[in-house]
Amino acid sequence: MRRPPRLTSWRTRRAFDWVFVAEIVTCITCIPLAVIFYNLLKIVNKSLALADVFFSLVGTAIEATVLLDHFAPLIFLQPGGYLGAFTPEQLQAQAYISLQLQDIGLSIALVFFGLDCFIVGYLVFRSSFLPRIMVCCSQLRGLVT
């Protein structure tokens, strides 16, 4: 019986960890950013600014939940323990499925972030105190996500 493959090197594991840290920082900074945009744009339209906060926080919550799937391959591909009951092919399939689930979850979160970008773009367009170039940037960001 073959052992499941280990991560190729400590550099690969280190890069994997840094991606996780970057995603955590993104989730943490989205929360105060939503509050800042609400306080800044509630003058234009309070209900749309509140909807912006809702979409931003829901997208952030989905993204934070999906981060659990980030470390599942590391658990499935480490040698020994109770994972010895599975064949290497089964463990590799489980690791791959967890990465696919992370991809699907992030796609769902991006729907909410796209709506967030469009609302911010509209509110900035309607405001008289923010530059119009921000509208183009926000709308473009909403389309790209």
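The values are calculated or read from the model by the stated rules, or taken from the named source; none is laboratory data. On a predicted model such as this, the values are computed, not experimentally measured, just so you know. Quick reminder, even Gly has a Cβ in these numbers, built from the backbone with ideal geometry, and neighbours come from all protein chains shown.
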Right, Ala64: surrounded by 16 or more Cβ atoms within 10 Å (Cβ to Cβ), under 24 Å from Glu23 (Cα atoms) and out of contact with any Phe, Trp or Tyr (no Cβ under 8 Å at 6 or more places or on another chain) or not?
yes
If Tyr96 satisfies all but one of (1) surrounded by 16 or more Cβ atoms within 10 Å (Cβ to Cβ); (2) closer than 23 Å to Phe16 by Cβ, what's the number of the condition it fails?
(1)
Out of Leu140, Leu77, Leu91, which single residue is modelled with pLDDT under 80 and crowded, with 17+ Cβ neighbours inside 10 Å?
Leu77
Within the range 99-133, the count of residues that are under 15 Å from the mean Cα position of the chain (by Cα) and either under 14 Å from Pro73 (Cβ atoms) or in a loop (DSSP other than H, G, I, E, B) (or both) comes to 5
Might you check whether a residue that is more than 24 Å from the chain's Cα centre (by Cα), of a type outside the set (Asp, Glu) and in a helix (DSSP H, G or I) occurs anywhere in the range 43-62?
yes
Taking the range 75-105 only, how many residues are of a type in the set (D, E, K, R) and farther than 23 Å from Thr65 by Cα?
1
Could you please give the count of residues in the range 113-137 that are surrounded by fewer than 18 Cβ atoms within 10 Å (Cβ to Cβ), in contact with a helix residue (DSSP H, G or I) (Cβ under 6 Å, 6 or more places away or on another chain) and modelled with pLDDT under 75?
2
Has the range 63-73 got any residue that is without any contact (Cβ under 8 Å) to a residue 24 or more places away in the chain, under 16 Å from the mean Cα position of the chain (by Cα), in a helix (DSSP H, G or I) and closer than 25 Å to Gly114 by Cβ?
yes
Does Ser98 meet the test of being of a type in the set (Gly, Ala, Ser), in contact with a helix residue (DSSP H, G or I) (Cβ under 8 Å, 6 or more places away or on another chain) and either under 30 Å from Cys117 (Cβ atoms) or at pLDDT below 85 (or both)?
yes
Residue list for the range 27-52, restricted to those being of a type in the set (Phe, Trp, Tyr) and without any contact (Cβ under 8 Å) to a residue 60 or more places away in the chain
Tyr38
